[in-house]
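Enquirer: Dropping a structure here in structure tokens format, bear with me for questions.
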Amino acid sequence: MKPLEKIAGRAWVFGDNINTDQIIQGQYLTLLDYKKMAEHTLEIPRPEFVDRVQEGDIIVAGDNFGSGSSREEAPQVIKEVGIRAIIAESFARIFYRNTFNIGIPAIQIPSICDYVDDGDRVVIDIELGRVTIPSKQKTFETPPLPEVVREILFTGGAVEWFRKRTDRSC
Amino acid sequence: MGKTIAEKILGAHTKQGEASAGETIEASVDLLMVHEVLGSRIIPILDEMCVEEVWDPNRILVVNDHWAPAADIDSAEIHRRNRDFVRKHGIKHFCDVDCGICHQVLPEMGLVKPGDLVIGSDSHSTTYGAFNAFSTGLAATDSAIIIATGRCWFKVPYTIKITVEGTIPEWTMSKDLILKIISDLGSSYATYQSMEFHGSTIDRMSVGSRMTISNMTVEMGAKCSPMLVNNHVEAWMKERAPHIEWKPIIPDSDAEYVEEIEYDLVSDVLEPIVALPHSPENGRPIDEVDEIEVDQCFIGSCTNGRLEDLAIAAKLLKGKKIASNTRLIVTPASRETYLQALKAGYVEIFLEAGGIVTNSTCGACVGGHLGVLGKGEIAISSTNRNFRGRMGHLESEIYLASPATVAASAIKGKITDPRRI
């Protein structure tokens with residue numbers, strides 16, 4: 001298991017109940033190319049997001065992020081545009097699972113939105129479960145992840161995890 | 001300490017034979033349902049995972065329903081991949097574009113029984129709780145792992161017990177009850193939890209009405225929503241799966257619930273509920289909702305496209321015309337439902353009233369085809385989600401309601417209480 005490096009990036013702050021249709025609308029789901037689909041990432045709540053997001057940025061959101069559909073395309077397009085971690089006050093169940101499955105950490109911190117503004121630098125140490133907002137001099141400690149979730153994340157996602165676990169190669 | 005239905009069913013699917021809320025376990029799945037996401041996402045993941053064989057071709061159901069029949073070249077390609085996959089792996093249960101919506105056809109085919117662990121690549125897979133099963137939605141990667149191994153890891157959920165007593169009054173429906181529960185509890189109230197339904201109201205309910213409730217518990221974040229077996233479910237199993245043995249899963253009397261919530265429809269009479277844009281949690285009694293003019297009235301989906309839904313709409317629409325400012329689109333939940341509606345004369349009633357009856361598909365509900373909303377348009381819909389942009393343009397608006405309320409609204413061209421028709 002290779003520990004993830006520290007993640008540090010600019011925050012994009014979203015409100016409560018950002019559902020999967022806000023992340024990627026149903027009309028784009030038949031697109032087979034994630035690059036094309038990702039041009040519409042989060043375009044309903046923040047139309048400027050796709051043009052301004054940079055590799056290594058972090059999403060910070062309120063309650064119930066990713067509610068709605070099971071569509072794995074939602075975390076996939078977020079990954080595609082360069083987001084490296086999502087912190088939310090709470091996550092919807094399937095989205096939470098999907099995010100780890102594609103190798104992106106989903107970190108739950110109640111009241112995080114009270115401490116982060118758009119553009120703030122956020123530093124995440126997955127190994128220690130620690131999130132720091134240097135400009136606000138605020139540090140959060142998060143509870144350890146379930147073992148299986150930790151394994152999946154630290155292997156780089158569920159595809160790699162599955163191949164290793166079942167000793168497959170092709 | 002006793003066990004809830006969720007703990008009993010998950011436990012019975014583990015090697016150790018037992019599971020308790022809060023644990024993370026690995027369980028064997030009885031059936032996996034996948035739809036277009038097989039062709040678009042799962043097959044590429046299986047290739048990446050170096051999976052060449054499926055775990056059990058008899059325990060997988062493939063459905064082409066979301067864009068059925070193909071709405072464009074991309075969906076045609078996805079359907080083609082699904083057909084190839086079914087042929088290549090000898091998948092026993094396949095519903096092509098002529099068949100219907102996954103959550104309707106799976107029970108129609110007798111593929112869920114009490115006590116089963118059913119996974120679907122679709123969030124509304126909670127629907128099969130109506131059959132006393134543990135069923136939930138997962139997405140592409142987890143579905144790929146199940147296709148390969150028949151197993152998956154789960155966090156055993158804690159359970160909220162919901163008891164409903166009393167009757168559902170005329171022209172109100174189980175949809176009104178679940179919209180009321182969602183508006184009371186909120187859209188993340190049950191995240192990661194099982195909602196176990198009890199009480200005389202649920203016990204008397206038809207299979208279809210129960211499916212509507214289990215279907216929409218995911219709008220509160222629920223992982224699953226098992227109900228106790230009733231005589232309608234018994235009759236359904238006898239008809240649909242006569243040679244399959246099953247026994248009901250009953251929670252222990254000392255099962256541990258994180259919360260117990262009671263609804264007494266005797267003292268608090270249920271009214272038609274309308275959920276305002278843009279969340280299913282925005283339910284209001286119809287008396288408190290303005291008589292807003294609607295551009296589209298939609299009856300269909302895995303939530304409310306079943307025969308009883310079409311029957312109540314037909315009862316309201318018989319001999320009437322829909323208002324000239326609106327359009328009515330009816331999408332039966334399956335081909336079987338369509339045929340039954342045709343034989344019962346409902347299709348003729350809808351057409352005579354000025355409505356459109358489409359083939360069975362998820363089309364309009366997901367903003368895919370056969371009823372997409374344009375800029376600024378307002379719809380009243382019997383579907384499950386009214387998120388911004390869900391059914392089309394991001395400046396369109398969706399009001400969720402029962403099929404009765406949608407039919408009444410079609411007649412008047414504005415949001416209308418079905419009790420007043």
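Enquirer: Mind checking which residues of the stretch B:32-45 are open to solvent by 10 Å² or more (accessible area, probe 1.4 Å) and more than 8 Å from chain A (Cβ to nearest Cβ)?
Expert: B:His35, B:Ile43, B:Pro44
Enquirer: Taking the stretch A:120-170 only, how many residues are of a type outside the set (D, E, K, R) and assigned to a loop (DSSP other than H, G, I, E, B)?
Expert: 14
Enquirer: Let me ask something else. Please indicate, with yes or no, whether at least one residue in the stretch B:234-245 is assigned to a loop (DSSP other than H, G, I, E, B), among the charged types (D, E, K, R) and closer than 21 Å to B:Lys8 by Cα.
Expert: Yes, that holds for at least one residue.
Enquirer: Confirm whether B:Ile73 is open to solvent by 40 Å² or more (accessible area, probe 1.4 Å) and within 11 Å of chain A (Cβ to nearest Cβ).
Expert: So B:Ile73 fits the description; yes.
Enquirer: Moving to a separate point now. Given (1) within 11 Å of chain A (Cβ to nearest Cβ); (2) more than 22 Å from B:Ser206 (Cβ to Cβ), identify the lone condition not met by B:Asp84.
Expert: That leaves (1) as the condition not met.
Enquirer: Shifting gears a bit: Can you tell which of A:Ala61, A:Ala74 is free of Cβ contacts under 8 Å to residues at least 60 places away in the same chain, within 14 Å of chain B (Cβ to nearest Cβ) and closer than 25 Å to B:Ser135 by Cα?
Expert: Answer to the selection: A:Ala74.
Enquirer: Regarding B:Pro107, is this residue part of a helix (DSSP H, G or I), surrounded by 23 or more Cβ atoms within 10 Å (Cβ to Cβ) and assigned by TED's automatic domain parsing to the domain that holds B:Cys152?
Expert: Spelling it out, B:Pro107 is indeed part of a helix (DSSP H, G or I), surrounded by 23 or more Cβ atoms within 10 Å (Cβ to Cβ) and assigned by TED's automatic domain parsing to the domain that holds B:Cys152.
Every residue, every condition in (1) assigned to a loop (DSSP other than H, G, I, E, B); (2) surrounded by 24 or more Cβ atoms within 10 Å (Cβ to Cβ), yes or no:
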residue	(1), (2)
A:Ala8	no, no
A:Glu43	yes, no
A:Asp51	no, no
A:Val60	no, yes
A:Ser69	yes, yes
A:Ile86	no, yes
A:Arg97	no, yes
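Enquirer: Looking only at the stretch B:369-390, decide whether some residue is polar (S, T, N, Q) and farther than 21 Å from B:His124 by Cα.
Expert: So far as the stretch B:369-390 goes, no, none of its residues is polar (S, T, N, Q) and farther than 21 Å from B:His124 by Cα.
Enquirer: Considering only residues of the stretch B:46-70 that are buried (at least 18 other Cβ atoms within 10 Å of the Cβ), over 30 Å from B:Val372 (Cβ atoms) and touching a His at 6+ places or on another chain (Cβ under 8 Å), which is farthest from the other protein chains (Cβ to nearest Cβ)?
Expert: Step by step, filter the stretch B:46-70, then rank; the result is B:Ile60.
So that you can scan it fast, the table gives a plain yes or no per residue for (1) farther than 20 Å from B:Arg390 by Cβ; (2) surrounded by fewer than 21 Cβ atoms within 10 Å (Cβ to Cβ):
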{"position": "B:Val274", "(1), (2)": "no, no"}
{"position": "B:Gly283", "(1), (2)": "no, no"}
{"position": "B:Gln296", "(1), (2)": "no, no"}
{"position": "B:Lys318", "(1), (2)": "yes, yes"}
{"position": "B:Lys321", "(1), (2)": "yes, yes"}
{"position": "B:Pro332", "(1), (2)": "yes, no"}
{"position": "B:Thr337", "(1), (2)": "yes, no"}
{"position": "B:Ile349", "(1), (2)": "yes, no"}
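Enquirer: Test B:Gly17 against the stated conditions and say whether it is at positive phi and not hydrophobic (A, V, I, L, M, F, W, C).
Expert: Spelling it out, B:Gly17 is indeed at positive phi and not hydrophobic (A, V, I, L, M, F, W, C).
Enquirer: Evaluate the following for B:Glu308: is it at pLDDT 95 or above and either in contact with a helix residue (DSSP H, G or I) (Cβ under 6 Å, 6 or more places away or on another chain) or open to solvent by less than 10 Å² (accessible area, probe 1.4 Å) (or both)?
Expert: So B:Glu308 passes the test.
Enquirer: Next up: Does the stretch B:389-411 contain at least one residue that is open to solvent by 10 Å² or more (accessible area, probe 1.4 Å), more than 24 Å from A:Asp21 (Cα to Cα), at pLDDT 95 or above and not in a loop (DSSP other than H, G, I, E, B)?
Expert: Yes - at least one qualifying residue is present in the stretch B:389-411.
Enquirer: I'm checking my understanding of the structure. Among residues of the stretch A:19-40 that are part of a loop (DSSP other than H, G, I, E, B) and within 8 Å of another protein chain (Cβ to nearest Cβ), which one is surrounded by the fewest Cβ atoms within 10 Å (Cβ to Cβ)?
Expert: Filtering the stretch A:19-40 for residues that are part of a loop (DSSP other than H, G, I, E, B) and within 8 Å of another protein chain (Cβ to nearest Cβ), the one surrounded by the fewest Cβ atoms within 10 Å (Cβ to Cβ) comes out as A:Leu32.
Enquirer: Scan the stretch B:352-389 for residues that are within 11 Å of chain A (Cβ to nearest Cβ), in contact with a strand residue (DSSP E or B) (Cβ under 7 Å, 6 or more places away or on another chain) and without any contact (Cβ under 8 Å) to a residue 40 or more places away in the chain and jot them down.
Expert: Selection gives B:Gly367, B:Val372.
Enquirer: Okay, moving on. Look at the stretch A:139-170 and say how many of its residues are surrounded by 15 or more Cβ atoms within 10 Å (Cβ to Cβ) and more than 14 Å from every other protein chain (Cβ to nearest Cβ).
Expert: Selection size over the stretch A:139-170: 3.
Enquirer: Residues that are more than 10 Å from chain A (Cβ to nearest Cβ) and of a type in the set (Lys, Arg): which strands (runs of 3 or more DSSP E) entirely in the stretch B:137-230 hold 1 or more of them?
Expert: The qualifying strands (runs of 3 or more DSSP E) are B:151-155, B:159-165.
Enquirer: Right, here's the next one. Are there any pairs, at least 6 apart or on different chains, whose C-beta atoms fall under 6 Å, with the first in the stretch B:340-351 and assigned by TED's automatic domain parsing to the domain that holds B:Leu307 and closer than 15 Å to B:Ala410 by Cα and the second modelled with pLDDT of 95 or more and open to solvent by less than 70 Å² (accessible area, probe 1.4 Å), and if so, which?
Expert: If the second residue must be modelled with pLDDT of 95 or more and open to solvent by less than 70 Å² (accessible area, probe 1.4 Å), the pairs left are B:Ile349/B:Ala314; B:Ile349/B:Leu317; B:Phe350/B:Val330; B:Phe350/B:Val357.
The values are calculated or read from the model by the stated rules, or taken from the named source; none is laboratory data. Model, not experiment: these values are computed from the prediction. Ideal geometry is used to build each Cβ from the backbone, glycine not excepted, and the neighbour counts take in all protein chains shown. Side chains are part of the model used for accessible areas, which takes the heavy atoms of the whole protein and leaves out ligands, DNA and RNA. Shrake-Rupley method; radii C 1.70, N 1.55, O 1.52, S 1.80 Å.
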